[in-house]
1. Return the residues of segment 116-135 that are surrounded by 11 or more Cβ atoms within 10 Å (Cβ to Cβ) and either on the phi > 0 side of the Ramachandran plot or out of contact with any strand residue (DSSP E or B) (no Cβ under 9 Å at 6 or more places or on another chain) (or both); say none if nothing qualifies.
2. Can you pull out the residues in segment 46-79 that are more than 22 Å from the chain's Cα centre (by Cα) and exposed (fewer than 14 other Cβ atoms within 10 Å of the Cβ)?
3. Do we have any residue at all in segment 156-164 that's within 18 Å of residue 64 (Cα to Cα) and either without any contact (Cβ under 8 Å) to a residue 12 or more places away in the chain or assigned to a helix (DSSP H, G or I) (or both)?
4. For segment 1-20, which residues satisfy the criterion of being assigned to a helix (DSSP H, G or I) and loosely packed, with under 13 Cβ neighbours inside 10 Å?
5. Against the conditions (1) touching a residue at least 24 places away in the same chain (Cβ under 8 Å); (2) more than 25 Å from residue 163 (Cα to Cα); (3) surrounded by fewer than 12 Cβ atoms within 10 Å (Cβ to Cβ), where does residue 88 fall short? Just the number, please.
6. Among (1) surrounded by fewer than 18 Cβ atoms within 10 Å (Cβ to Cβ); (2) in contact with a helix residue (DSSP H, G or I) (Cβ under 6 Å, 6 or more places away or on another chain); (3) not in a helix (DSSP H, G or I), where does residue 171 come up short?
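Please treat every number below as a calculation from the coordinates, not as lab data. Remember, it's a predicted structure, so these values are computed and weren't measured experimentally. Glycine gets a Cβ as well: all are built from the backbone with ideal geometry, and neighbour counts include every protein chain shown.
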């Protein structure tokens, strides 16, 4: 495979891993927010209106930003009726074909998320609730997560193409020498 594709796969996989791990740590923050909510509401009798919504935003960020990492680790949900019976090469051919549909879906999703983010910025959109938070940060996270997932989809497509065509895609992990 060309060096440019090898470098692309290497660095996109690195980004997906780092942002995926960041998303994993956001679960700890979400748990802390929910514990704070339970403590202040039940022991101090001071309900905090922002806790549940913040936990919802953290959860949305978790699954949007963690999507690329999940795809990279092959931990996503797959309908597997006969797929597991195929050889690795046949699986790779099927994955290359179906990746086109995923890329199309992610492009439509990206178009919608950019449009929604522009609307939020232009209107100063806020969530209609007691806390009334701005929607701009979560929508920007949404756009970033979808872009990362789109990049990872192409990375997976390149890997599957190499596997399907019997070519070697020599990608050494970049994590050893770099950190975010």
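1. 116, 117, 118, 119, 121, 129, 131, 132
2. Of everything in segment 46-79, those that are more than 22 Å from the chain's Cα centre (by Cα) and exposed (fewer than 14 other Cβ atoms within 10 Å of the Cβ) turn out to be 46, 47, 49.
3. yes
4. Correct list: 3, 4, 7.
5. (2)
6. Here residue 171 meets the rest and fails (1).
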